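Scroll down for the structure; my scribbles are underneath it.
What follows draws every value from the coordinates through simple rules; no lab data is involved. If you're wondering where the values come from, they're calculated on a predicted model, not measured in any experiment. Cβ coordinates were reconstructed from backbone atoms using ideal geometry, including for glycine residues, and neighbour counts include every protein chain displayed.
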Amino acid sequence: MLKLINFENYPDMCKKAASIIAAQIIMKENSVLGLATGSTPIGIYELLSEWCAKGDLDFSRIRTVNLDEYCGLSAAHDQSYRYFMNKHLFDNVNIDKVNTHVPNGLAQDAEREGAKYDELIELLGGIDLQLLGIGHNGHIGFNEPSDFFVSGTHCAKLTQETINANVRFFDDLSQVPKTAVTMGMRSIMNARKILLVANGDKKKDIIQKAINGPVTPKVPASILQLHPDVTILYSIA
Ligand code: PGA
């Protein structure tokens, strides 16, 4: 089942998203959280960090698995998703970093690395709550529009649209990675709950397509229509 909640502004949306994640942590103190990067989750991670600093949230037994990582960037690179997660969340809460997982963007054998990541998620008992953003082209993680849904964690070739959208974080287009390791649809769809967040006018059409259009790998997020527990938080501004 898919539930859409609209917000007038980004801070209100973040408050709702952070509350849902906080409820999950309170409900199950060793939850496995599937986490996402991008600009949209930043305000959510800020609130979770604040609540943890106040002593209202305890991350000490939380485990996390991130959706994706750029190929070719080390954890120390300031545009790697490991760096992003440390900066925006892990360094600010009482999580044990050993329990935080981000795909390895430097792996030589991407296929083997992907299979290992999927095994890890299974070993952790699967994902309790998966946070997702959505790309302008409907991607979730880096599952780009395609002729088929890819099941396992894999190396994805980024579309030009995604590369263009990501250039804002790099010095110029030549610096933007062209491939990424991303969780596939199986781990995402096996998450017990999914929380998708999006903001801004430019995401309005793709959200509508994902919710009301046909389920098709051309709009990767449309697969969420088949999941039993999806909440979409959308803020227009
Ligand atoms: P954004 O990215 O939050 O920066 O818009 C979302 C995504 O591409 O998944």
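Looking at region 73-89, is at least one residue within 16 Å of the ligand (Cβ to nearest atom), on the phi > 0 side of the Ramachandran plot and not in a helix (DSSP H, G or I)?
So far as region 73-89 goes, no, none of its residues is within 16 Å of the ligand (Cβ to nearest atom), on the phi > 0 side of the Ramachandran plot and not in a helix (DSSP H, G or I).
Return yes or no: is ASN190 over 24 Å from ARG63 (Cβ atoms), surrounded by fewer than 24 Cβ atoms within 10 Å (Cβ to Cβ) and not small (Gly, Ala, Ser)?
no
Going through region 143-160 one residue at a time, which ones are under 14 Å from TYR70 (Cα atoms) and of a type in the set (Ser, Thr, Tyr)?
THR153, THR159
Report whether or not SER174 is farther than 20 Å from THR216 by Cβ and without any contact (Cβ under 8 Å) to a residue 60 or more places away in the chain.
Spelling it out, SER174 is indeed farther than 20 Å from THR216 by Cβ and without any contact (Cβ under 8 Å) to a residue 60 or more places away in the chain.
Per-residue answers, yes or no, for (1) more than 14 Å from the chain's Cα centre (by Cα); (2) under 15 Å from GLU144 (Cβ atoms); (3) in contact (Cβ under 8 Å) with a residue 12 or more places away in the chain:
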site	(1), (2), (3)
MET189	no, no, yes
ASP201	yes, no, yes
ALA210	yes, yes, yes
PRO214	yes, no, no
PRO217	yes, yes, yes
ILE223	yes, yes, yes
ASP229	yes, no, yes
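Could you list, ordered by first residue, the pairs with Cβ atoms under 8 Å in which the first is in region 66-89 and without any contact (Cβ under 8 Å) to a residue 24 or more places away in the chain and under 21 Å from GLY114 (Cβ atoms) and the second is buried (at least 17 other Cβ atoms within 10 Å of the Cβ) and of a type in the set (D, E, K, R), at least 6 apart or interchain?
ARG82/GLU69
Out of ILE207, ILE134, I need the residue that is within 15 Å of the ligand (Cβ to nearest atom) and assigned to a loop (DSSP other than H, G, I, E, B). Which one?
That would be ILE134, the only listed residue that is within 15 Å of the ligand (Cβ to nearest atom) and assigned to a loop (DSSP other than H, G, I, E, B).
Counting only residues that are in a loop (DSSP other than H, G, I, E, B) and either within 13 Å of the ligand (Cβ to nearest atom) or among the basic types (Lys, Arg) (or both), how many does region 137-168 have?
Residues meeting the conditions: 9.
Being among the hydroxyl-bearing types (Ser, Thr, Tyr) and in contact with a helix residue (DSSP H, G or I) (Cβ under 7 Å, 6 or more places away or on another chain): is that true of TYR83 here? Talk me through it step by step, then tell me what you get.
Values: among the hydroxyl-bearing types (Ser, Thr, Tyr): yes; in contact with a helix residue (DSSP H, G or I) (Cβ under 7 Å, 6 or more places away or on another chain): no.
No.
Mind checking which residues of region 210-222 are part of a helix (DSSP H, G or I) and farther than 16 Å from VAL197 by Cα?
Correct list: ASN212 only.
Within region 177-194, track down each residue that is under 23 Å from VAL215 (Cβ atoms) and within 13 Å of the ligand (Cβ to nearest atom).
THR182, MET183, ILE188
Please go through (1) crowded, with 16+ Cβ neighbours inside 10 Å; (2) assigned to a loop (DSSP other than H, G, I, E, B) for ASP56 and return the number of the only condition it doesn't satisfy.
Every listed condition holds for ASP56 apart from (1).
Taking into account only those residues within region 38-51 that are of a type in the set (S, T, N, Q) and surrounded by fewer than 24 Cβ atoms within 10 Å (Cβ to Cβ), which is farthest from the ligand (Cβ to nearest atom)?
SER49
If we keep just the residues of region 61-82 that are of a type in the set (A, V, I, L, M, F, W, C) and surrounded by 15 or more Cβ atoms within 10 Å (Cβ to Cβ), which is nearest to the chain's Cα centre (by Cα)?
Going through the qualifying residues, I end up with LEU67.
Just to be sure before I move on: is GLY105 within 16 Å of the ligand (Cβ to nearest atom), in contact (Cβ under 8 Å) with a residue 60 or more places away in the chain and either under 17 Å from GLY184 (Cα atoms) or surrounded by 15 or more Cβ atoms within 10 Å (Cβ to Cβ) (or both) in the structure I sent?
no
Contact list please: Cβ distance under 6 Å, first residue in region 40-60 and more than 10 Å from ASN94 (Cβ to Cβ), second residue surrounded by 14 or more Cβ atoms within 10 Å (Cβ to Cβ) and of a type in the set (S, T, N, Q), pairs at least six apart or on different chains.
Cβ pairs passing all conditions: THR40/ASN199; SER49/ASN92.
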